[in-house]
Structure formats: structure tokens, C-alpha cells
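Here the structure comes first, spelled out in C-alpha cells, and everything after it is commentary.
The values are calculated or read from the model by the stated rules, or taken from the named source; none is laboratory data. The model shown is predicted, which means the values in this text are computed figures rather than measured ones. Using ideal geometry, Cβ is built from the backbone for each residue, glycine included, and neighbour counts are taken over all protein chains shown. Remember, those area values only see protein heavy atoms, side chains included, never the ligands or the DNA or RNA. Shrake-Rupley method; radii C 1.70, N 1.55, O 1.52, S 1.80 Å.
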Amino acid sequence: MIPGGRGSNHAWRVILRRGPRWGNGIKSLVSAVVGVATGILGTALTALVNVVFNAGVSMPVAVAIGAVAALIVFVGGLLGPQRQDSEQPAQGGAEPPPPETVKVERVALCSGRSGTMRLFAVTDRGAVLQRLCQQDHGWSDWTDCSLDEGKAHDVAATPTGGGRFDVFVADRRGRVWFRQHEPDGWRRWQFIDASAVIGRVVRLDAASARSGHRELYAVGEGGQVGHRWKGDDGAWSQWWDSSVGGSGDIAMTVRRAEQMEVTRLKIDGRLRQRGWVDQAWEKWYDLGWPPTGSAGVAVSALSGSRDHQEIFVVDASGRLSHRWRWNDEPWSDWYEMEAPGYLIDVAAGVTSENRLEIVVADADGRLHQRSYARKRDQWSDWQSI
């Protein structure tokens with residue numbers, strides 16, 4: 001685990017700064033008035049002392065002493081420390097924006113199926129942030145898990161068993177980075193080169209077919225798709241070229257142990273899918289176009305149970321569509337889902353088998369969430385998060 005540094009898990013805290021604070025000065029003005037009143041009272045007492053004890057303290061001196069005391073109180077309050085409302089990262093590294101100013105460009109969900117899920121977000125500044133959702137209990141604050149070097153472009157994450165999860169990031173130079181979170185904390189970022197196979201990586205997703213396994217799919221800037229995998233005790237496999245082009249985004253999900261599904265969104269909006277079944281990859285098959293007919297921008301997929309799979313697509317007009325299937329039955333028709341704005345990305349996941357979740361990012365960088373509860377058999381209203 002890395003203590004501190006940009007790659008560590010930052011918390012947010014309020015800091016102290018020193019400098020002119022006019023709010024303090026206003027408060028101190030009251031103190032100044034009190035100081036002047038004290039000076040006047042001191043003058044009266046001085047006169048009384050002169051009368052009783054025949055002392056030699058003059059009245060102008062007493063007034064001057066009171067005025068100087070008031071001035072000291074005013075200036076001290078003006079320049080004294082004050083708690084700021086702005087939030088900063090508690091430890092070193094580039095400063096991520098305060099939560100109220102986060103502008104998100106890409107999102108990913110890591111589903112634990114234990115009543116929780118993690119949201120990862122890439123901001124317009126290239127930071128990678130995360131927060132935890134507890135079913136029916138809301139969201140935690142943002143924490144920072146940004147790259148040690150470079151700015152992020154896309155992010156993906158997958159649980160790998162035993163309370164562990166892996167995070168993958170494509171940076172703005174098209175490089176791929178990999179990081180593990182163990183029960184005792186974060187491991188270091190590792191570089192995974194893909195340039196020799198698919199060029200600069202622009203989109204990626206990951207899944208785990210079994211405990212201790214992770215599979216990474218990536219899309220290059222030319223639309224080529226490649227993938228590789230790794231077990232806990234082994235090295236990464238070589239990159240394998242899927243021999244397909246024209247892709248814009250990729251999504252992965254696992255319905256059953258040792259069975260993965262990969263959905264490829266083509267630039268023209270058409271979707272194709274293939275599965276890893278009986279230790280072999282199937283051929284790509286066609287899933288058609290969403291009803292909007294627009295070019296595709298983003299795709300995500302989830303599996304609510306071993307019998308269920310659902311796909312969500314954002315198109316170039318900012319609209320959201322989805323379709324699903326149960327068991328190995330035919331897919332449903334495409335349905336357009338009401339969107340909370342002009343969308344640019346979508347992430348799908350689950351907190352439990354009975355609760356499906358989607359999080360979307362709109363063109364203003366704001367995030368929205370809605371849930372599907374199987375007991376009620378309906379989607380909730382959109383909520384800003």
C-alpha cells in the first residue's frame with residue numbers, strides 16, 4: 001500500500017489559510033467599538049483616580065490608550081486565521097476539484113453484489129475519482145485515485161473476489177494503466193502497453209469470469225479491438241487482436257462463472273456481441289441499432305443474475321436506449337429510456353441481484369442515477385448524485 005502521494009486514496013478536509021479576511025474585520029469592528037467604549041470608561045476611571053488619589057494621568061493619554069487597543073483588536077481579527085469553505089486534498093499530488101465543482105466526462109461502475117457498488121469517474125481535468133454507494137443508504141464522498149503521471153481519458157473496474165477489485169485507466173496519450181485494491185489498500189499503478197496491437201487506446205472495459213481472474217478489452221483510436229487477461233499468480237497474457245474494426249466503445253459482463261459477454265458498439269451505432277462459452281470465444285453476432293438510429297457514443301452492460309443481461313447505449317444525439325434478455329431466450333426489442341439531459345456516457349451495474357443501477361453523465365458533467373427494483377418491477381425516477 002502506498003502512503004500519501006497522488007496515487008493514494010485522498011480524503012477531503014477543510015484547511016486553514018492566512019491572509020486578509022474582511023469577514024473577520026467586520027466582526028472585529030464590533031470589538032473596536034467595544035474597545036472605544038472601554039477607552040471612554042478608562043477615561044472616567046482616570047478622572048476618578050485623579051480626584052481621589054491626586055494622580056497625574058492626563059485624560060488625553062487615557063483616550064489614546066483606549067483607541068490604540070481598539071485598533072489592535074481590529075487589525076488582529078482582519079489578518080487572523082479563518083476556516084475556508086473550499087476543500088482540498090488532505091495529502092500531496094495534484095489537487096482534485098471540490099465535489100461541488102466536479103465535471104465528469106467518463107463513468108464506470110464496479111458491482112460487488114453485496115449491497116454496494118463503486119463509481120469511478122474521469123473528470124475534465126483528467127483526475128480519477130471514486131465513491132461508494134450502499135443500497136438504500138446513498139453515496140460516500142469522493143476520494144481521489146488518480147494516475148501518478150498523466151491525465152486519464154477512460155476508466156473501467158471489476159471485482160476479482162475476496163473483496164478485491166481492479167481499476168484500469170486509458171490516459172490521454174492512449175496508454176493503459178492497471179491498479180489493484182486489496183483489503184489492506186491500494187497497490188501501485190502498472191503500465192500495460194497496447195500500442196503494438198491496437199495503437200492508442202481510447203476506450204476500455206474489464207470483467208472477471210472467476211475469482212482471481214481479470215479480462216481486459218480495449219478499443220484503439222482506429223477502431224480496432226484487442227484483449228488480454230491475467231490470473232492472480234501469473235503474468236499478463238499477450239495482446240490478442242479481435243480482427244474487427246470500426247468500433248467506438250466496448251462493454252463486458254458476466255452472467256455465469258466462466259461465461260463472459262462482450263458487446264462492441266460500432267461507430268455507426270450498430271452493436272455486435274460475442275460470448276466466452278465452454279472455454280472458447282463465439283463469433284460476433286448482430287444486435288442491431290437502437291431505435292434512435294444515431295451513431296453510437298457509449299455502451300455499458302450488466303447482469304442482474306445468472307439468467308439476465310441488459311445493454312445500455314448513449315447515441316450521438318444524447319439519448320439513451322436499452323434492451324435485455326433472460327436465460328438464453330431472444331433479446332427484447334430496443335426501447336428508448338427517458339434521459340435527464342443530453343448524455344455523453346453511461347455505466348451499468350448492480351448492488352444486488354434484485355437491484356439494477358445505471359449512472360449517466362450529461363454534457364455539463366453532472367451525474368444522474370436511477371434504479372430498477374425487481375420486486376416493484378419498475379425504474380425509479382432519475383436522481384442527481
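Being modelled with pLDDT under 90 and open to solvent by less than 60 Å² (accessible area, probe 1.4 Å) is a property that holds for Ala280.
Considering region 165-186, the residues that are within 23 Å of Thr123 (Cβ to Cβ) and outside any strand (DSSP E or B) include one that is least open to solvent (accessible area, probe 1.4 Å), namely Gly174. Within region 306-323, the set of residues being touching a Ser or Thr at 6+ places or on another chain (Cβ under 7 Å) and either under 18 Å from Val359 (Cβ atoms) or among the basic types (Lys, Arg) (or both) comprises Ile311, Phe312, Val313, Asp315, Arg319, Ser321, Arg323. From the list Val201, Val176, Val197, Val244, the one residue that fits, being in contact (Cβ under 8 Å) with a residue 24 or more places away in the chain, among the aliphatic types (A, V, I, L, M) and closer than 29 Å to Arg325 by Cβ, is Val244.
Scanning region 340-372 for residues that are farther than 22 Å from Glu261 by Cα, surrounded by 14 or more Cβ atoms within 10 Å (Cβ to Cβ), aliphatic (A, V, I, L, M) and out of contact with any Asp or Glu (no Cβ under 8 Å at 6 or more places or on another chain) turns up just one, Leu367. Checked against (1) assigned to a loop (DSSP other than H, G, I, E, B); (2) at pLDDT 90 or above, Lys375 meets all criteria but (2). When you look at Gly162, is it farther than 26 Å from Val202 by Cβ and either of a type in the set (Asp, Glu) or open to solvent by less than 30 Å² (accessible area, probe 1.4 Å) (or both), yes or no? Against the criterion (farther than 26 Å from Val202 by Cβ and either of a type in the set (Asp, Glu) or open to solvent by less than 30 Å² (accessible area, probe 1.4 Å) (or both)), Gly162 does not qualify. State which residue is nearest to Gly223 (Cα to Cα) when the search covers only region 264-284 and only residues that are in contact (Cβ under 8 Å) with a residue 12 or more places away in the chain, in a strand (DSSP E or B) and among the aliphatic types (A, V, I, L, M). Top of the filtered list is Leu265. Quick check: is even one residue across region 308-329 in a loop (DSSP other than H, G, I, E, B), closer than 29 Å to Glu221 by Cα, open to solvent by 80 Å² or more (accessible area, probe 1.4 Å) and free of Cβ contacts under 8 Å to residues at least 24 places away in the same chain? No - not one qualifying residue is present in region 308-329. When we screen Glu221, Glu261 for residues that are open to solvent by less than 60 Å² (accessible area, probe 1.4 Å), touching a residue at least 40 places away in the same chain (Cβ under 8 Å) and out of contact with any Leu (no Cβ under 8 Å at 6 or more places or on another chain), the only hit is Glu261.
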